[in-house]
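Chemist: One structure, pasted below without further comment.
The values are calculated or read from the model by the stated rules, or taken from the named source; none is laboratory data. Since we're looking at a predicted model, the values are computed, not measured. When we count neighbours, we look across all protein chains shown, and the Cβ atoms used for this are built from the backbone with ideal geometry, even at glycine.
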Amino acid sequence: MEKSLSQTWDLDVFFPGGSRSPEFARFLEALEAEIGSFEERLGAAGQAGAGGVPPLKDLVGTLQDLQNRMSEAGAFVSCLTAQDVKDEQAKLLEGRVRQLSSRLQAALTRFEALLRQVPEETWHQVVADPALAPVAFALNEMRQRAAEKLPPEQEALATALAVDGYHAWSQLYHTVVGRITIPFETDGKTVQLSVGQAFNRMMEDPDRSVRQTLFARWEEAWAREAELCAAALNHLAGFRLALYRSRGWDSVLKEPLDRNRMSQATLEAMWDVVNRNKDHLVAYLQRKARILGVERLAWYDLSAPIGKLTRRIPYDEAAEFIVENFRRFSPDMADFAARAFRERWIEAEDRPGKRPGGFCTSFRVSRQSRIFMTYSGTPGGVSTLAHELGHAYHQHVMNDLPPLVQNYAMNVAETASTFAEMVVVDAAIQAAASPEERLALLEDKIQRSVAFFMDIHARFLFETRFYEARKKGLLTVADLNGLMLEAQKEAFRDALGEYHPHFWASKLHFYITYWPFYNFPYTFGYLFSYGVYAQARAEGPSFADRYVALLRDTGRMTVEDLARKHLGVDLTQPDFWQSAADLVVEDIREFLRLTE
C-alpha cells in the first residue's frame, strides 16, 4: 500500500465546492421537483379507484430512484456538518434535506396505501411479476405496514406535524448539549471543556482523581439542564405513545421490533442468555476494581485503562495492519479496504472544528461510502477504523441489489462492522509486543462486552419502564433519576459503587426519533456478529463467500430467516446466543488468568 496516505476525505468527487456547491444546489432542486411529480402520480393512481392494480412497476422504479438520491443528499450534508461544526451553510442544507426527506416519507405512506388497495386474490400474482419479484419482500412489508397504520391522510398529517413536534423535541437535546461546558483545571489554568471532550477525559484518563472530579462536574452540569431534558423526553414519548394509541398498538416495542425485523421471542432469548452470563462480567469488574485499588468500580472507572500503551500507531501502519488482517479472512474485503484508503474515503485528521464520534455513510448513487472519525493513534482508534470499514464493506456487497432491498435494519447493521473489528482486534492481541500490551488490548475488548451486556441492558430496562410510567402521566427529574438508578443497579448486578443517575439526560440515544428504542439492536448486532465470527473461526477462509451471501440478504428477510438460511440456527432458542457469549467468557477467563 502506498505510503503517506491522506487523512482527509474527498467530497468533491460527488459535488465540488462543499456547502457552496452549485452542483449540489441543482441536485436538490431536481430532487424536489421529482418528489413533486411523484406525489402527483401517486394522487392520480389513488383516484383511479380501489379494486384495480395501480401502475406499480413504474412507481416502484421511481421510488427506488428517489430513495437513492435522497440517500446521496443526506450522506453529503452529514459529511459537511461533521467535518466543520461551524459551517452555517451546511446546517441550512441539512434543514432543507430533512424537509425533502419528510416529503418523501409522506409520499411513501401514500404509496403503501396504494399497495393495500390491490385485491388479496391478485396481490401474489402482482409481486410474482419478474419486474417486481426482486423487491417482493419490501413490497409485502410495506403492504403489511399500511394495514397497521392510520388512513394515509392522517399518517401524512402526523409525519408533517412531527417535523416541528416530535422531531423538534429531539433537536432540543442538541441545543442543550451546545450550551454545556465543563470547567477543568490543567497546567495551572481553568479551561472549559465541551461535552465530548469532558466525556472522553472522564472515562479514559489514567488518573482516577481526574475521572472522579470530571464525573462530579458532569453530573452537576446535567443536573442544571435536567428540567429541559425531562421536558424533551416526556413530550417526545407523549407524541410517540399518542400516535401508537391512535394506530391501536398496545406495546411500545411493536415499532422497534417490526423495524428490526425480529420477534419478541428472539429478543427474550437474547436477553435471557445475556443475564445468564453476567456472573462472568461481575468477576471481571471485581478483578478490575482490585487492580485499580478500589473496593468497587464507579461508573467513571468502566473504561479506565489498566495497562500502559504508550506507543502511538501511525495512520499508515494502522491501514496496513487492517488490510493485511482482512486479507487472512477475505481477499475481497482487503482489496475493498485498500481502495477506501487509496481513494480518500476516510476523514481521520485530528483537527479542531470536527464533531466528535465516528460514522460511515453511503452514497448510493455513486456506489461509494465515506467514513468519519478522528484518528488518535491508539489501539481503540485502529479498531474504530476497522469497525467503520466493516460498515462500508456491508454496503459495497449490496450495491448491485435493487435499492428497496438494500435497506437493512439497525440490528444487523452492526454485523459487518463488529465482525471486521474483531478480526483486527484479535490479530492485535496476538501480535502484542509485551504481556502488558496484550493485557491492555484484551481488557479494552472486554470493556465492549460490559457495554453491550450491562450498559445497553440498563438503557433497555430504563426505557421500557419509562414508557410504561409515561402512559400514566409526566415524570419528574427525580422520577427519571430513580428509574435510571434502578435499571443500572439491576443491569450491573449491583457490582458498581457509584452510578450515573443523570445518564437519561446526557445520552443522545434516548432522544433519537428516527429509531425508537436505540438500545437492544446494539446488543443484538454485537452478539449476532460474535456468533457469525464463531462460525468463521471454525470454518476458516471458505466462510468468506457465505459471509457475503448473509450480508446481501440482510435487507430482504427477517433476522430469524436470515440466521436459519445462512447459519442453520434458531434465534428464538438460546443455543446460538450462548455460542456467541462463550467467546466473551473465553476473553474474561484469559483476563482473569493473566491478572492472577
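Chemist: Being crowded, with 19+ Cβ neighbours inside 10 Å, assigned to a helix (DSSP H, G or I) and in contact with a helix residue (DSSP H, G or I) (Cβ under 7 Å, 6 or more places away or on another chain) is the filter; apply it to the stretch 305-331 and report the residue that is modelled with the lowest pLDDT.
Modeler: Phe329
Chemist: Can you tell which of Phe38, Phe14 is farther than 22 Å from Lys91 by Cα and not basic (Lys, Arg)?
Modeler: The conditions single out Phe38.
Chemist: What is the one condition in (1) buried (at least 21 other Cβ atoms within 10 Å of the Cβ); (2) part of a loop (DSSP other than H, G, I, E, B); (3) small (Gly, Ala, Ser) that Ala386 does not satisfy?
Modeler: Condition not satisfied by Ala386: (2).
Chemist: Right, next: Please identify the pairs in which a residue from the stretch 205-231 that is more than 17 Å from Met484 (Cβ to Cβ) and outside the structural domain of Ser506 (by TED's automatic domain parsing) has its Cβ atom under 9 Å from the Cβ atom of a residue that is crowded, with 20+ Cβ neighbours inside 10 Å and among the β-branched types (Val, Ile, Thr), counting only partners at least 6 apart or on another chain.
Modeler: Leu214/Ile182; Arg217/Ile182
Chemist: Just the residues that are under 19 Å from the mean Cα position of the chain (by Cα) and part of a helix (DSSP H, G or I), please, taken from the stretch 255-270.
Modeler: Glu255, Pro256, Leu257, Asp258, Arg259, Leu267, Met270
Chemist: Pick from the stretch 274-304 the residues that are part of a loop (DSSP other than H, G, I, E, B), under 15 Å from Ser449 (Cα atoms) and not hydrophobic (A, V, I, L, M, F, W, C): which of them is farthest from the chain's Cα centre (by Cα)?
Modeler: Asn277
Chemist: Sticking with this one: Would the stretch 365-379 turn up any residue that is among the charged types (D, E, K, R) and either closer than 28 Å to Pro206 by Cβ or surrounded by fewer than 22 Cβ atoms within 10 Å (Cβ to Cβ) (or both)?
Modeler: There is at least one residue in the stretch 365-379 that is among the charged types (D, E, K, R) and either closer than 28 Å to Pro206 by Cβ or surrounded by fewer than 22 Cβ atoms within 10 Å (Cβ to Cβ) (or both).
Chemist: Give the stretch 428-478 a look and list any residue that's touching an Asp or Glu at 6+ places or on another chain (Cβ under 8 Å), more than 19 Å from Ser506 (Cα to Cα) and buried (at least 19 other Cβ atoms within 10 Å of the Cβ), or say none.
Modeler: Answer for the stretch 428-478, where residues must be touching an Asp or Glu at 6+ places or on another chain (Cβ under 8 Å), more than 19 Å from Ser506 (Cα to Cα) and buried (at least 19 other Cβ atoms within 10 Å of the Cβ): Leu442, Lys445, Ile446, Ser449.
Chemist: Hand me the list of helices (runs of 4 or more DSSP H) wholly inside the stretch 128-202 holding 3 or more residues that are under 22 Å from the mean Cα position of the chain (by Cα) and not assigned by TED's automatic domain parsing to the domain that holds Phe239.
Modeler: Correct list: 166-179.
Chemist: Filtering the stretch 559-596 down to residues that are not polar (S, T, N, Q) and not in a helix (DSSP H, G or I), which residue is surrounded by the fewest Cβ atoms within 10 Å (Cβ to Cβ)?
Modeler: By that ranking, first place goes to Glu596.
Chemist: Related question: Evaluate the following for Ser246: is it assigned to a helix (DSSP H, G or I), exposed (fewer than 15 other Cβ atoms within 10 Å of the Cβ) and not assigned by TED's automatic domain parsing to the domain that holds Leu480?
Modeler: no
Chemist: Let me ask another. Would you pick out the residues in the stretch 461-474 that are part of a helix (DSSP H, G or I), of a type outside the set (S, T, N, Q) and within 15 Å of Leu233 (Cα to Cα)?
Modeler: Within the stretch 461-474, Phe462, Glu463, Arg465, Phe466, Tyr467, Glu468, Ala469, Arg470 meet the criteria.
A quick yes/no check of all residues on (1) part of a helix (DSSP H, G or I); (2) out of contact with any helix residue (DSSP H, G or I) (no Cβ under 8 Å at 6 or more places or on another chain):
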| site | (1), (2) |
| --- | --- |
| Met333 | yes, no |
| Phe341 | yes, no |
| Asp350 | no, yes |
| Arg355 | no, no |
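Chemist: Kindly provide the set of residues from the stretch 532-558 that are part of a helix (DSSP H, G or I), farther than 30 Å from Lys278 by Cβ and among the small types (Gly, Ala, Ser), ordered by number.
Modeler: Gly540, Ser542, Ala544, Ala549
Chemist: Here's another thing I want to ask about it. Look through the stretch 509-526, keep the residues that are under 26 Å from Met422 (Cα atoms) and either touching a Ser or Thr at 6+ places or on another chain (Cβ under 9 Å) or of a type in the set (Lys, Arg) (or both), and return whichever of them is surrounded by the most Cβ atoms within 10 Å (Cβ to Cβ).
Modeler: By that ranking, first place goes to Phe524.
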